[in-house]
Amino acid sequence: MAQSNTPKLREVARTEKDNAGSAAPVVRAIDVGFGLVKLSVPDGDSVEFISFPSMAIPADASAVRTLGTRRRDTFDVPVNGALYEVGRDVGLAQAGGSFGRDVTDEFYRGTIYEALTKGALRYMAEAGDITIDVLVLGLPVNQYNDAKRRDHLRATYEGGIDLGDGKSIKVRKVIVQAQPMGGYAALDDHLDELNQVIRSTGGALQPLHSGEELDDLAVLMIDPGEHTLDWLLIQQGTINPRASGAASDAGRHRVVRSVQESLGADVGRPLGPAVMPRINEALRRKIPVKLSGVAHDLTRYEPVIMSVVEDSINRMVDGLRDAHEIVDLIVLVGGHPERYRDVLAKRFPAIPVFIMPESMAANVRGFQMIGEALAQG
């Protein structure tokens, strides 16, 4: 397994803060997940973080696409001689079984990943970026551990990149990070909220006086993503590679698929892939899902959901190889981590389980911090 190229992650975050206010190179971050693409874009002298669905649909060149009261917020980006539509409104391009996602372990090398990354870069270009000095990209832990995959991303996204419609961007340097690492780098920005959880847990860990004290802890970072459940065990600010890993088909996609299968059995007909985003959104908002004009209450599938979450946590605990005995703190990042927190808190009642604020963007915020610190050098 690979070692991090940022030996002391807390030092990286602190360096970024120490250099704030000095002239900085252009640094951007992209976290391409199986569900959402998260990215930083220029916002005056700072950056803001935005997202769009991890869907890339073959572009429709017909006039039908232009009908409507407004232009949809998407771009057509070139990949291998074809155009793919990506962006915030890409769901409007979806039809039937054209789900536009890739949830395999070869995701990073495929057409959809490239289209999504180019879509993120296109948003940056539209916001004014011409050259990016440092671009930080994330990979699931199991893919990050393969040096060939990191090398592939660097080789693919360093240099000039055609983004379609006459737009292009130049990337001078690509840095690749394991996805949960970003959340760890940003952790001491939330010490007050973290200490509230530590106090309410009542275990051996006492409230922290500063972010530096995190270097003395064994922190288990968990990212329940769309397709994988990733975890990093970080001790003294460095990754323990033997106790870090990922479980495939253990994320949100499996939860939604299990609900879809149960719902399909109850309604008496198979439900296609186009239904999955509607089920996902209904679960997120805790509302019924409407199919063929009928509203279906999804709360009755809570036992199905919890069974999937518990199985995913069991696979993670097995992958830790008994290292859970030394964990001081568990931190969750990514989307929809509440059920994972509940299972973990029940299983490890004396270990604080903390959900990062704005957990969906926690990794990309940390990537930005890491990139800025390394760019300042």
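The values are calculated or read from the model by the stated rules, or taken from the named source; none is laboratory data. Quantities reported herein were computed from a predicted structural model and do not represent experimental measurements. Backbone-built Cβ (ideal geometry, glycine too); neighbour counts: all protein chains shown. Only protein heavy atoms, including side chains, enter the accessible area calculation; ligands, DNA and RNA are left aside. Shrake-Rupley method; radii C 1.70, N 1.55, O 1.52, S 1.80 Å.
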Item to complete: Name every residue in the stretch 261-280 that is open to solvent by less than 30 Å² (accessible area, probe 1.4 Å) and closer than 25 Å to P140 by Cα, in order of residue number.
Response: M276, I279
Worksheet, complete the sentence: Those residues of the stretch 321-342 that are buried (at least 17 other Cβ atoms within 10 Å of the Cβ) and within 20 Å of R254 (Cβ to Cβ) come to a total of 9
Discussion item. V176 - would you say it is touching a residue at least 24 places away in the same chain (Cβ under 8 Å), of a type outside the set (F, W, Y) and under 23 Å from I30 (Cβ atoms)?
Written reply: yes
Worksheet item: In the stretch 272-377, which strands (runs of 3 or more DSSP E) lie fully inside it and hold 2 or more residues that are within 19 Å of D189 (Cβ to Cβ) and within 22 Å of the chain's Cα centre (by Cα)?
Response: 329-332, 353-355
Practice prompt. Looking only at the stretch 104-122, decide whether some residue is buried (at least 18 other Cβ atoms within 10 Å of the Cβ) and farther than 30 Å from G272 by Cα.
Written response: yes
